[in-house]
Amino acid sequence: MGLILGLDAAANSRQAIVSVLLIFAVADNLSDSLSVHVYQEAEQLESREAFRSTLANFATRLLVALSFVVLVITLPRDSLATITVAWGLLLLALLTYRIARARGARIGREIAKHVLVAAIVLVVSRWLGTWIASSFG
């Protein structure tokens, strides 16, 4: 969501947004998945389980990123930011709900905390994109 908002403000190109999302979906995702894998090995998680977990993490994050790519490709530019933010917040709320429920935490409070952090990221991302466009555009 932050990438889309920032790039939407900074770049006038759907191609630029899709390119960055795809690079992020692969490169950043591989890096993060490797980090999780190394951590799991350090925690002495069984090797096969660590590998399965790493693959599941990568595949899930790739599918989420690709869902945003589909939105960027198919949505009209004037509704892009609104719909992608709504989609992202829905995914965040669903994930938070499942985790909070499994942990026995207060679901509403956990969702509110995560949405607040996401809102801060979104505001900063949009501001950075606007600043980049005005400073370098």
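Running Debye on the range 1-70 with equal point scatterers at the Cα sites and no solvent, what base-10 log of I(q)/I(0) appears at q = 0.11 Å⁻¹?
Each listed q corresponds, in turn, to -0.34.
Quick one: helix 107-136 against the long Cα principal axis of the chain, what's the angle to the nearest 10°, folded into 0 to 90?
The angle comes out near 40 degrees.
Considering only the other residues whose Cβ falls under 14 Å of the Cβ of SER35, what net charge follows from Lys and Arg at +1 and Asp and Glu at -1?
With Lys, Arg at +1 and Asp, Glu at -1, the neighbours total -3.
Just want to confirm a number: the relative contact order over the chain, from Cα pairs under 8 angstrom separated by 6+ residues, in percent.
43 percent
Modelled label-to-label distance, SER35 and ARG101, 7 Å Cα→beta-carbon offset: nm?
With each label placed 7 Å out from Cα toward Cβ, I get 2.9 nm.
Over all alpha-carbon pairs in the range 2-136, figure out the percentage whose distance exceeds 24 Å.
42 percent
Rounded if a/c is under 1.5, else prolate if a/b is larger than b/c, else oblate: which is the range 35-113, with a ≥ b ≥ c the root eigenvalues of its Cα gyration tensor?
It comes out oblate by the Cα gyration axes.
What's the exposure ranking of VAL123, VAL72, VAL85, VAL64, going from fewest to most Cβ atoms within 10 Å?
With the fewest neighbours first, VAL123, VAL72, VAL85, VAL64 line up as VAL123, VAL64, VAL85, VAL72.
Along the charge dipole of the range 27-137, Cβ charges K/R +1 and D/E -1, which of SER33, PHE68, ALA105 sits furthest on the positive end?
Checked the options; the winner is ALA105.
Read-outs throughout are calculated quantities, based only on the coordinates presented, and are distinct from any laboratory measurement. Remember, predicted model here, so these are calculated numbers, not experimental data. Reconstructed Cβ throughout: ideal geometry from the backbone, glycine too, with neighbour counts over all protein chains shown.
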